[in-house]
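Visitor: Encoded as structure tokens, here's the structure I'll be asking about.
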Amino acid sequence: LQRVDRAVDTLQDSGLVERTDEGFRTTYAGRVLLDTVREATAIADTAGAATRLLDHLPIDAPRDHRFFDDATVESMADRSPSVVLNRITESLAAADRVRGGAVAPNSDEFIDVIRRRTLVEGDLQVELLLPESTAAQVAADYTAIIEESLDSDHVTLQVVDDLPFAFYLMTADGATDAQLLAHGPYGNFLGYVENDTPVAVDWLEALFVDHRREARPFRAFAADRPDLPVSE
């Protein structure tokens, strides 16, 4: 009881609580601090759940702690790999616009959905950034799809020097989900963290815009790489 009294006295001296006829209540400053603590706790909970994914990101990669506030973690370490793959593929299938960057070739199912929705049905717009190493790999592994995509008004492929991690901004009916992906040392997909808050979306949108500013068209990249099977 004495410890409680001392704690209340400390909070009162700090201006975080005040005495009223009905007892103690939190002051305005106290409520601001309480909101901050609650946000920090939520962020810490998400970051803790995503540790096995985040450990595979470069230590100096861009970050915004607010991205993890009220975010959802989908990890193959905690769920069946097929479940995680299905969930991210389903979000792609529901989107009408996708922007982002890939640091490794996606699953065949993911690529099939993109091809069908963009090149066959024409109801999906995709803007994708690829690091040079990834661009060369997909050009070799999916030559026909890449060549078809380069002639499509629904696909924009650009090449950058490098990306810190893979990410997507998936928009459906005007609402956007931001997804930060984690890959293993061999490019194997491990899972992702997803958040649809304005802060989370704004952060990855800014990252996309920054890298797109330095990107060059896939055709220009291919023109400098005669070893690639993609025709100019």
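The values are calculated or read from the model by the stated rules, or taken from the named source; none is laboratory data. Note that the structure is predicted; figures quoted are calculated from it, not measured. Here Cβ is always computed from backbone atoms with ideal geometry, including for glycine, and neighbour counts include all displayed protein chains. The protein model used for the area step is the full one, side chains on, heavy atoms only, and it has no ligands, DNA or RNA in it. Shrake-Rupley method; radii C 1.70, N 1.55, O 1.52, S 1.80 Å.
Visitor: Going by the structure shown, is T143 in contact with an Asp or Glu (Cβ under 6 Å, 6 or more places away or on another chain), farther than 30 Å from T51 by Cβ and open to solvent by 20 Å² or more (accessible area, probe 1.4 Å)?
Guide: no
Visitor: Oh, and also: Pairs please, first residue from the stretch 52-78 and among the hydroxyl-bearing types (S, T, Y), second anywhere and in a helix (DSSP H, G or I) and open to solvent by less than 30 Å² (accessible area, probe 1.4 Å), Cβ atoms under 8 Å, 6+ apart in sequence or on different chains.
Guide: So the pair list comes out as S75/L53; S75/V84.
Visitor: For the stretch 12-32: of the residues being assigned to a helix (DSSP H, G or I) and either free of Cβ contacts under 8 Å to residues at least 12 places away in the same chain or open to solvent by 80 Å² or more (accessible area, probe 1.4 Å) (or both), which is farthest from E74 (Cα to Cα)?
Guide: D13
Visitor: Considering only residues of the stretch 114-135 that are of a type in the set (A, V, I, L, M) and open to solvent by 20 Å² or more (accessible area, probe 1.4 Å), which is nearest to Q158 (Cα to Cα)?
Guide: In this case the residue turns out to be L128.
Visitor: Name every residue in the stretch 204-232 that is more than 22 Å from M170 (Cβ to Cβ) and of a type outside the set (D, E, K, R), in order of residue number.
Guide: Once the filter is applied, which keeps residues that are more than 22 Å from M170 (Cβ to Cβ) and of a type outside the set (D, E, K, R), the stretch 204-232 yields P217, A220, F221, A222, A223, P226, L228, P229, V230, S231.
Visitor: Moving to a separate point now. Looking only at the stretch 95-111, count every residue that is at pLDDT below 95 and more than 15 Å from the chain's Cα centre (by Cα) and tell me the total.
Guide: So the answer is 6.
Visitor: Okay, next question. Taking the residues in the stretch 59-76 that are open to solvent by less than 60 Å² (accessible area, probe 1.4 Å) and over 12 Å from the mean Cα position of the chain (by Cα) as candidates, determine which candidate is farthest from E205 (Cα to Cα).
Guide: M76
Visitor: Let me ask another. Being touching a His at 6+ places or on another chain (Cβ under 9 Å) and either open to solvent by less than 40 Å² (accessible area, probe 1.4 Å) or outside any helix (DSSP H, G or I) (or both), is that true of even one residue in the stretch 197-204?
Guide: Among the residues of the stretch 197-204, not one is touching a His at 6+ places or on another chain (Cβ under 9 Å) and either open to solvent by less than 40 Å² (accessible area, probe 1.4 Å) or outside any helix (DSSP H, G or I) (or both), which makes the answer no.
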